[in-house]
Amino acid sequence: MTQASNAPLRFFFHPRSRARITRWMLEECEASYEAVRLEFGASMKSAEYLALNPMGKVPALTHGDTVITETGAILAYLAELFPQKCLAPAPGTPERGSYYRWLFFLAGPVEACMSAKSQGFLEHQSAEQALSAGYGRYDDVLATLRQAVEGRQYLCGDQFTAADVLMASYLRWGMMTGSLPALPAFKAYADPLQQRPAALRAQALDETPASP
């Protein structure tokens, strides 16, 4: 544990965004943090915030002078910052390999594919486009997600990890928006995880009206 571990955490969010995933992880860690709400097209594009995250998007997390953006990266960082919560498998274990696999798969191919699907970009996808796209075809991503969760309580053996936070969140978002079908395997995996106390706290905090 370094001196930087005691630095304050600031969480930049909007309640109707992917920042809910970070909020859930912060609550799983029982972290002490300052939540800073930003608005789309306004404070997210302010010079002050763009100096932290030039993308002008949320979530972002600062830990003292350290800036972490990208949801998967934030979850992995928090898992290591709070090792006592055991939200990442031990290094060098087979479970750690699965942990990295699903974190990066969700943050990369799944995120890109679901965004493309929700915007209608895949309606006329050619074979050549599928070959060059990192996610390939939508059906490939769907089959991989189903295989990952079918019959499983957690992704990495018997341990709940940050990868489960990300997977359950993406499945929930995909089923809500229609980017993913409400398959029984998805619901059987994601629904119980969404009832974890930390997930419910995150939902309640995001539904709290903003101060005037």
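The values are calculated or read from the model by the stated rules, or taken from the named source; none is laboratory data. None of these values were measured; they are calculated from a predicted model. Reconstructed Cβ throughout: ideal geometry from the backbone, glycine too, with neighbour counts over all protein chains shown. Protein only, heavy atoms only, side chains kept; ligands, DNA and RNA dropped before computing areas. Shrake-Rupley method; radii C 1.70, N 1.55, O 1.52, S 1.80 Å.
A few notes on this one:
- Quotient of C-alpha Rg and 2.2 N^0.38 Å, computed over the chain: 1.04
- Accessible surface of the chain [probe 1.4 Å, protein heavy atoms]: carbon and sulfur percent: 53
- Label-point separation in nm, Leu205 to Gln129, each point 7 Å along Cα→Cβ: 3.9
- Summary of the geometry: the range 146-184 and the range 20-41, compared by the centres of their Cα atoms, lie 21 Å apart.
- Other residues lying with their Cβ under 11 Å from the Cβ of Thr62 contribute a combined charge of -1, Lys and Arg counting +1, Asp and Glu -1.
- A viscosity of 0.890 mPa s and a temperature of 25 °C, combined with the Kirkwood radius over Cα pairs in Stokes-Einstein, give a translational diffusion coefficient for the range 42-96 of 192 µm²/s.
- Length gained on full extension, Phe121 to Ala188, computed as 0.36 nm times the residue gap minus the Cα-Cα distance: 21.2 nm.
- Based on Cα contacts under 8 Å between residues 6+ apart, the range 20-81 shows a relative contact order of 32 percent.
- Fraction in percent of alpha-carbon pairs per bin - 5 Å, the range 104-212: 2, 11, 21, 21, 17, 13, 8, 4, 2, 1, 0
- The lysines whose alpha-carbon is closer than 29 Å to the alpha-carbon of Lys85, local same-chain residues fewer than 8 away aside, are Lys57, Lys187.
- All C-alpha to C-alpha distances of the range 1-99, sorted into 5 Å bins beginning at zero, yield P(r) values of 2, 13, 23, 23, 17, 12, 6, 3, 1 percent in whole numbers.
- Computed [θ] at 222 nm, helices only, for the chain once each DSSP H run of length n ≥ 4 contributes -39500 (n - 2.57): -14000 deg cm²/dmol
- On a per residue basis, the chain carries 53 Å² of accessible surface, using protein heavy atoms and a 1.4 Å probe.
- Computed from the Cβ-Cβ distance with R0 of 35 Å, the FRET efficiency linking Ala143 to Glu80 stands at 0.65.
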